[in-house]
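S.K.: After the structure tokens below, expect a handful of questions from me.
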């Protein structure tokens, strides 16, 4: 089938810190050939890997807007995309889902489900010797972010990925 006759797919990756979103996204990228957009990788290249810097929330929102704008331009051009952003809030997932549908693409929401203990352990271990594309997240920061995460509900029809490490 000609690519022009096929609706592009937006693979939307949802999960909390340490769930394995980028690992899963890279695997999905290899399997599907979709263009992967991992906002944190872009942001870290500009501001470094410390999310406790002054105005982090401003930089994060600006980068989110930029990444989403470019990703959706690619989607509109007929390319499959992977949005590796976490998409923590249900209202944001709804907004992205609607935007994907509006451009005539197919949204696929993946929820990377993993126990909180395992996520925290992975995050703290990663912070001890962070790779160049990951934020330093200590236990205090990890715990402070938990209040912002809303796991997907059945009505969002997530594809649940049970992450095992």
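The numbers here are math on the coordinates, done by the rules we state, and not lab data. What you see is a predicted model; the values in this text were computed from it and never measured. No Cβ is skipped: glycine too gets one built from the backbone with ideal geometry, and neighbour counts run over all protein chains shown.
S.K.: List 40, 65 from most exposed to least, where exposure is judged by having the fewest other Cβ atoms within 10 Å.
M.R.: Fewest-to-most ranking of 40, 65: 65, 40.
S.K.: Sort 110, 148, 59 so the one with the fewest other Cβ atoms within 10 Å of its own Cβ comes first.
M.R.: 148, 59, 110
S.K.: Additional query: Using alpha-carbon pairs under 8 Å, 6+ residues apart, how would you state the relative contact order of the range 3-162 in percent?
M.R.: 39
S.K.: Using the number of other C-beta atoms within 10 angstrom as an exposure proxy, rank 100, 58, 67 with the fewest first.
M.R.: Result, fewest neighbours first: 58, 67, 100.
S.K.: When DSSP assigns beta bridges and you keep just the ones with both residues in the chain, what percent turn out antiparallel, to the nearest 5?
M.R.: If we restrict to bridges inside the chain, about 0 percent are antiparallel.
S.K.: Given 4 °C and 1.567 mPa s, compute D for the chain with the Stokes-Einstein relation, Rh being the Kirkwood radius over Cα pairs; round to the nearest whole µm²/s. Walk me through the intermediate numbers first.
M.R.: On the way: Rh = 16.4 Å.
Calculated translational D: 79 µm²/s.
S.K.: Continuing with the same structure: With the crude spin-label approximation of a point 7 Å out along Cα→Cβ, what separation in nm comes out for residue 62 versus residue 159?
M.R.: 3.5
S.K.: Please work out the FRET efficiency for the pair residue 42 and residue 129, using the Cβ-Cβ distance as r and a Förster radius of 30 Å; give the result to the nearest 0.05. Mind dumping the intermediate values first?
M.R.: Details: r = 22 Å, r/R0 = 0.73.
It comes out at approximately 0.85.
S.K.: Cut-off 15 Å, label point 7 angstrom out along Cα-to-Cβ of residue 27: give me the residues of the range 104-129 whose amide nitrogen falls inside.
M.R.: Label zone hits: 110-115.
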